[in-house]
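Colleague: Here it is, the structure, as structure tokens.
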Amino acid sequence: MTEPTRIPAPDGVAPATQYSHVVSATGRIVAVSGQLPLDEDGKLVGEGDPAAQARQVFENLARCLAAAGAGFEDVVKLTYFVTDMAHMPAIRTARAAHIPDDRLPASSAVQVSGLVAPQFLMEIEALAVVAA
């Protein structure tokens, strides 16, 4: 795969500071299902703590990507499902530990009324493209 092309501000579109508006790449697609803040034993990490939950979710994403021969450098899109948009700063901090600001993927953030269980504050899914 060639390096993904990131376009943070296409002509006529307001620039984005926390994501890239467009990311294009060629290769094998890796789709990672929405990850929850669960440890390897299926136990909740960080009840009521968005920062702890975000760190666990990004660790889970890293493990899922690695299982498919990918890494965060291959991620072209992240989708965030949050029960409160106030959790986004914690998510951005956790993301910054894995993805530098000059490699930000395209992103969508959706506030939802609830996830599969009320203790979950977020669920994050990823789309990556790696060499064919």
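The values are calculated or read from the model by the stated rules, or taken from the named source; none is laboratory data. Note that the structure is predicted; figures quoted are calculated from it, not measured. Positions of Cβ are backbone-derived with ideal geometry, glycine not excepted, and every protein chain shown enters the neighbour counts.
Colleague: Quick one: in region 1-39, which of the residues that are modelled with pLDDT of 90 or more, among the small types (Gly, Ala, Ser) and out of contact with any Lys or Arg (no Cβ under 7 Å at 6 or more places or on another chain) is nearest to residue 54 (Cα to Cα)?
Modeller: 34
Colleague: Have a look at 57, 76, 110 and point out the one that is among the hydrophobic types (A, V, I, L, M, F, W, C), modelled with pLDDT of 95 or more, under 26 Å from residue 5 (Cα atoms) and part of a helix (DSSP H, G or I). Steps first, answer last, please.
Modeller: Values: 76 fails: part of a helix (DSSP H, G or I); 110 fails: part of a helix (DSSP H, G or I).
None of the other options fit; the residue is 57.
Colleague: While we're on this one: Tell me which residues, restricted to region 98-132, are closer than 23 Å to residue 43 by Cα and surrounded by fewer than 16 Cβ atoms within 10 Å (Cβ to Cβ).
Modeller: 112, 113, 114, 116, 117, 118, 119 - these are the residues of region 98-132 that are closer than 23 Å to residue 43 by Cα and surrounded by fewer than 16 Cβ atoms within 10 Å (Cβ to Cβ).
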